[in-house]
Structures are given as structure tokens and as C-alpha cells.
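Here is the structure we will look at, set down as C-alpha cells.
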Protein chains: 2
Amino acid sequence: MASPLEKLINSLKKFPGVGEKTATRYAFFILNADRSEIDDLVKAIEIVKRDLRLCSRCFHLTDEDLCNVCRDSRRDRSRLCVIESPLDLLAVEKSGQFKGIYHVLHGVMAPLDGIGPGEIRLNELLVRVREEPIAEVILALNPTVEGEATASFIKERLKDTKVIVSRIAYGIPVGGSLEYADPLTLGRAFEHRTKI
Amino acid sequence: MASPLEKLINSLKKFPGVGEKTATRYAFFILNADRSEIDDLVKAIEIVKRDLRLCSRCFHLTDEDLCNVCRDSRRDRSRLCVIESPLDLLAVEKSGQFKGIYHVLHGVMAPLDGIGPGEIRLNELLVRVREEPIAEVILALNPTVEGEATASFIKERLKDTKVIVSRIAYGIPVGGSLEYADPLTLGRAFEHRTKI
């Protein structure tokens, strides 16, 4: 085997769920693809690794100070969706059901693993709710024990404010992950959110 | 969605068999992976795109004049395996069963698509068989109509030489089940049965 090809296959094997055969197919795709397509790929990888940082307001990924959603003047700034990860945010955006703004926690509380409110973007959330004209906080956390506990904690911390705290409906299969939910299910989950 | 991430996802979606969700997972893997791992990946991609060319003897992929196999003095130079593509060559190498050398045709003859002997590396094969000390030519082409036709063509062209022309066995895959084998394969398996 040509050694450069072997090195490429080894790099591609580190991708999630990719074994020897898939990595080999990808390597040959790269080998045979147009030079310009691969240049685009390499450029995209380098920009993502070099320029992506967290939005200074909602902590979503962005290559500017504020993310696309926070910069978009058409978004409803009275509705704030609290979410675990940028990956979950992309899934919600895909559903097209939610027109408000976001707050990305980057995790959920897991006291047994030493992850308290200070380890995720929870204090920043509480500050935002008090400072921004937010009427409703929609919790769109994964339906895990930690997600539920984090939801309860947020509800508790916001009980002295006038904001409505709601949670997306259990349209999401329990034990499932937002990342893999189909847009329709996610859309229903937003539509049928319930006050907690 | 952060636009650089979107661009990366779009590039990754061009990989064979990769859709939106898999591309998104790969993009987040790239985003979260160690900088050094991604540097290795990008370097491997660039070397493959820039340096890989065809071995001047067997037409396998290499970054030097001769490929690894052709450079390896331990290979049996009297046995030449004729193969369709570098991908097939890698599969044969993985089996560890063949210790001879190769000739990569880069396709098979398909007269209806305008692919004659001159469009693949067939003339180069005939020259090698006459010039190199080859005793046996083993055809390891895919069992398609075109593969069969190409095999017959090669056999015909080599009939005035003393080399033995053989073909790898067709049959039931090891670990496979007769129940699921297609009739053609089963027919071949019976036709080419071996005495035990």
C-alpha cells in the first residue's frame, strides 16, 4: 500500500463510526475528487479549527463576536431556548419551528461527575434572563436524568422572576438524543411545549 | 448555523454515502478533535492530492517511481496478479494470500461504453508479460460481464506465450450461506468444485 494513502486512511479511521473499509472509500474519494473540491474541504477544516469560537451572548459557535442567530434582527427576542450543545441547536434550527433566540449551556449539571452550575453556562443564563427582555424560557434539554435535574434547577432559580419557564414536549423518545431526532418530531416537541 | 461549520458540513456531505447527519457528526468531530490530529489529516490529504501517482511498472498508486510492492525484493516476480483497481489491490494485500506482483488495469474493457484495450493498461500488461520473467498470470477481475470479457481477451492475447493464465476461484464466500447465495454464484461453485 502506498504509505501516504495509508496515513490518510488512518486519519479518517478516527472519525466517529468509521472503520477500515469506510476510511478506504473516503480516501479514494479524496484521491479521485476534483482538486477544487478538496481545496474547499481543507479550507473549511482550517477555518473551523482556526476561527470558530463561542458567541459572546448565547455561546453558540460562530466566527464573529455574535452568532448568526443573535445577529438576526427577525428573531423573537422574548423567547429564549436553553439547549445543551451547538449540535442540538443545529437540530432545532433544522426543524424551522423555533424563531426565538438561544442559550447554549455546553453540558448539563452532573454533580456526581463534578459538573455544577459553574462548570456550564448557567450563571450567564440567569444574568441574561434578568437583563434581556425575555418573556419565556423554553428548556430544550435532553430527557436524561441530568437534563431533568438541570431543568428543575433552572426553574427553581427563575421562580422569583416573571418569565414563563416551559419545556419542550416529550415527543422526543425518552433515552433518545436531540441530535438524532427528525425535524418533524422536534417541531412537534416545540409546538406542544408545556409550562412547568 | 455558523457559516464556516455549514461549509464544512457541505464539503463532508460529498463523501460517498454521507448525508446531513453523518456530515454534521464528522464536522463536530473535527471541531472538537486535537489540533495535531486534524493537522495530520490535512497533511495526509494534501500529500495524497499532490504526490500520489501511478507506479511506472504496475500502475498501482505510489508517491515514488515504483510502488511498495514493485520495490519489495521479497515478492515472487514470477506470479503476476491482474487487477481492476488500486482498491481491489488493497483488498488482495489485506488477505495476505498473494506474494507475487501486480498489474493494475484501471478498469475493464467495455466496448459499449467506448472502453477498448487502449483505454485501460492492457497493452502495458502484454509488454510486461513478454519482457519480465513471468510464469503465471492470475486474473483477479470482478465477476461481471465486462470482467469476464476482459479475462477472455487477455487469455486470447497470451495464448502464443508459455505463461499459465489462471483466474481466482468463484464460489460461496467463506462464512456465507448457501441459502442466500445467488443462483449464478452457486452454479459457478458447482462447476468449479474441487476434489477433496
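The values are calculated or read from the model by the stated rules, or taken from the named source; none is laboratory data. Please read all numbers here as calculations on a predicted model, not as lab measurements. Neighbour counts run over all protein chains shown; Cβ positions are idealised from the backbone, glycine included.
Name the pairs whose Cβ atoms lie under 9 Å apart, with the first residue in the stretch B:81-94 and over 13 Å from residue B:138 (Cβ atoms) and in the same structural domain as residue B:166 (by TED's automatic domain parsing), the second of a type in the set (D, E, K, R) and in a helix (DSSP H, G or I), and 6 or more positions between them or separate chains?
Taking only residues 6 or more apart or on different chains, the pairs are B:87/A:25; B:94/A:20.
Give the stretch A:84-115 a look and list any residue that's away from chain B (no Cβ under 14 Å), surrounded by fewer than 20 Cβ atoms within 10 Å (Cβ to Cβ) and in contact with a strand residue (DSSP E or B) (Cβ under 8 Å, 6 or more places away or on another chain), or say none.
Once the filter is applied, which keeps residues that are away from chain B (no Cβ under 14 Å), surrounded by fewer than 20 Cβ atoms within 10 Å (Cβ to Cβ) and in contact with a strand residue (DSSP E or B) (Cβ under 8 Å, 6 or more places away or on another chain), the stretch A:84-115 yields A:99, A:100.
Got at least one residue in the stretch B:116-127 being at the interface with another protein chain (Cβ under 10 Å from one of its Cβ atoms) and at pLDDT below 90?
Checked the stretch B:116-127: no residue is at the interface with another protein chain (Cβ under 10 Å from one of its Cβ atoms) and at pLDDT below 90.
Looking at the stretch A:126-152 only, could you name the residues that are more than 19 Å from the chain's Cα centre (by Cα) and free of Cβ contacts under 8 Å to residues at least 12 places away in the same chain?
A:127, A:131, A:152
Here are B:131, B:136: which of them is exposed (fewer than 15 other Cβ atoms within 10 Å of the Cβ) and under 24 Å from residue B:188 (Cβ atoms)?
One residue alone meets the criteria, B:136.
Please determine, by comparing only the residues of the stretch A:31-42 that are farther than 15 Å from residue B:26 by Cα and within 8 Å of chain B (Cβ to nearest Cβ), which one is nearest to the chain's Cα centre (by Cα).
A:40
Counting just the residues of the stretch B:84-116 that are part of a helix (DSSP H, G or I) and more than 12 Å from the chain's Cα centre (by Cα), which one comes out nearest to residue A:27 (Cα to Cα)?
Per the stated criteria, the residue is B:95.
What about residue A:120, is it assigned to a loop (DSSP other than H, G, I, E, B) and either farther than 29 Å from residue B:29 by Cα or touching a helix residue (DSSP H, G or I) at 6+ places or on another chain (Cβ under 7 Å) (or both)?
It is false that residue A:120 is assigned to a loop (DSSP other than H, G, I, E, B) and either farther than 29 Å from residue B:29 by Cα or touching a helix residue (DSSP H, G or I) at 6+ places or on another chain (Cβ under 7 Å) (or both).
I'd like the full set of residues that are closer than 19 Å to residue B:27 by Cα and either in a loop (DSSP other than H, G, I, E, B) or among the hydroxyl-bearing types (Ser, Thr, Tyr) (or both), limited to the stretch A:1-23.
A:11, A:13, A:14, A:15, A:16, A:17, A:18, A:19, A:22
Return only the number of the condition from (1) in contact with a Leu (Cβ under 7 Å, 6 or more places away or on another chain); (2) within 7 Å of another protein chain (Cβ to nearest Cβ); (3) at pLDDT 90 or above that residue A:18 does not satisfy.
(2)
Run down A:162, A:155 and say which single residue is more than 18 Å from the chain's Cα centre (by Cα), assigned to a loop (DSSP other than H, G, I, E, B), surrounded by fewer than 20 Cβ atoms within 10 Å (Cβ to Cβ) and not aromatic (Phe, Trp, Tyr).
Every option except A:162 fails the conditions.
Here are B:37, B:64: which of them is assigned to a loop (DSSP other than H, G, I, E, B) and of a type in the set (Asp, Glu)?
B:64
Considering B:13, B:49, which residue is surrounded by 15 or more Cβ atoms within 10 Å (Cβ to Cβ), at pLDDT below 95, within 11 Å of chain A (Cβ to nearest Cβ) and under 20 Å from residue A:12 (Cα atoms)?
B:49
Just one of B:81, B:58, B:70 is part of a helix (DSSP H, G or I), in contact with a strand residue (DSSP E or B) (Cβ under 7 Å, 6 or more places away or on another chain) and more than 7 Å from every other protein chain (Cβ to nearest Cβ); which is it?
B:70
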